[in-house]
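K.L.:
What follows is a single structure, and I will ask about it in a moment.
The values are calculated or read from the model by the stated rules, or taken from the named source; none is laboratory data. Keep in mind that what you see is a predicted model, and the values were worked out from it rather than measured. Positions of Cβ are backbone-derived with ideal geometry, glycine not excepted, and every protein chain shown enters the neighbour counts. All accessible areas refer to the heavy atoms of the entire protein, side chains included, with ligands and DNA or RNA removed. Shrake-Rupley method; radii C 1.70, N 1.55, O 1.52, S 1.80 Å.
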Amino acid sequence: MSRVVGAAVLGVSLLAWLSAVASAQASRTVQDGVFSDAQAARGQAVYGQQCATCHGAKLEGAQAPPLVADGFLGRWQDQPLSSLFNKIQNTMPADRQGTLTRQQSADLVAHILKTGGFRASAAELSPDDAALSRITWPTGLVAAAAAPTTGRVFPPLGNMAQLMRGIFFPNSNLIFTVQTRDPGAKPEPAAGGGQTGGFSFVEWGAGIYGGWELIDNAAIALADASPLMLTPGIRCENGRLAPVTDPDWIKFTEQMIAVARKTYQASQTRNQELVSEATGDLSDACAACHQAYRETRRGGRAPDPTDPSNKANRCMPR
Ligand code: HEC
Ligand code: HEC
C-alpha cells in the first residue's frame, strides 16, 4: 500500500509541475483558430465512417450524446482540450476502442470544433498531449444549466451498512482489482464458462459490461451514489440516525465524491498504472469517514470493525 501511496504523491507533484510549465506558456482557447479547414474535412470523413451511426450525421446525437451545443460544451469547457481529445482517443468509437490513431483523434476534434462554430486558421491542431493541454475553452461559453428538480425526497429503504455492502464495497473492490488486473486485457475463461477476467464477484454481469467500462461504471456509481449518505433519515445498523448534518460527515461525503470523480478521470485514460495509483486516494477517502464514524476508538484500544461494542458507537456525531 505504501508503494501505491508514494506513486500517487509523485503523480501529483508531476502534475503540479506540468501545469506550472503549461501556464508559463501563452495559453490559447479554441476560439483562436487552433485547427485548419483541411484538418476538419479529414475529421469529417472519419466521423462519417466511424461515429455518425451513434452520434448522428450532424453531431446532433442519436443513440449516443450530441457532440455540439450547450449540453456538450458544458461538460468540457472547464477542462483543457486534451481531455476531449483523450476521451475520443481512449474510449471511442465505443464499439472499437483503441483503434484510432492520434492524428485521427486530432482531426476529429477539429471537426467537432468546426461544427460547433469555432473558426479555423492555417495552423493544424497538434495531436501532442502537451500542446493540447495548453488549449482551453473561453470562459463563460455556456451558463451552468439549472437542472430540473422534482423536490421529492425518497426515504431510505436500507441502513448505512446495507448501502455500504450494496454499493460501496462491490464498486470500490472492482476498482481495487485494477491494482493486479488490466481491465483492457482479454478476459480469462472462468470456472463455469463465464468470462470474468478476475472481476468476478458479479459473474453474471462482468461478461456483459466488462473491460474498462466496468471500472468507469464503478467510479460513477461511487460518485453518484455518495449523496445517498446524506439522505435524511438514513440510520446505522444500530438504529442511530446517521449524522447527515455534521460538517465532518458532509466533508467526508464531498471528499468521496471528489475522489470518485478523479477515479473516473483516471479510468478514462485506460491506463492501469494511473488507476492503480488512484486507488490509494480512494481507500483513504473510505478510511477517513470510517475512522470518525465507524471504527471509533474507545479507551485507546485499536478499532475492530467486527466488535459488537464498537458497532454500538457507529454513526455517533462528533
Ligand atoms: C457504438 C456507438 C458509438 C460510436 C460508434 C461512437 N461513440 Fe462516442 N459515445 C458513445 C456513447 C454511448 C457515449 C456516452 C458514454 C461515454 O461518455 O462514454 C459516447 C460519448 C462520446 C463523447 C463524450 C460526449 C460527452 O458529452 O461527454 C465524445 C466526445 C465521443 N463519444 C466522440 C466519438 C467519436 C469522435 C466517435 C468516432 C470516432 C465516436 N464517439 C463513436 C457511443 C459511440
Ligand atoms: C461519509 C462516511 C462514509 C464513507 C465516505 C464511507 N463509509 Fe463505509 N461506513 C460508514 C459507516 C457509518 C459505516 C457503519 C454502518 C453501520 O453500522 O450501519 C460503514 C460501514 C462500512 C462497511 C461495513 C458494513 C458492515 O458489514 O457492517 C463497509 C464494507 C464499508 N463501509 C465500505 C466502504 C467503502 C469501500 C467506502 C469507500 C469507497 C466507504 N465505506 C465509504 C461510513 C462511510
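K.L.:
With a probe of 1.4 Å, find how much accessible area the range 44-173 has per residue, and write the answer as a whole number in Å².
P.N.:
Counting only protein heavy atoms, the per-residue value for the range 44-173 is 56 Å².
K.L.:
Also: So, counting K/R as plus one and D/E as minus one, what does the shell of residues with Cβ under 14 Å around L100 add up to?
P.N.:
+3
K.L.:
Which percent of the Cα-Cα distances in the range 24-136 go past 19 Å?
P.N.:
Looking at the range 24-136, the distances longer than 19 Å represent 39 percent of pairs.
K.L.:
Ok, one more. Which pairs break 23 Å Cα to Cα here: K58/K114; K262/K311; K186/K262; K87/K186?
P.N.:
Exceeds cut-off: K262/K311; K186/K262.
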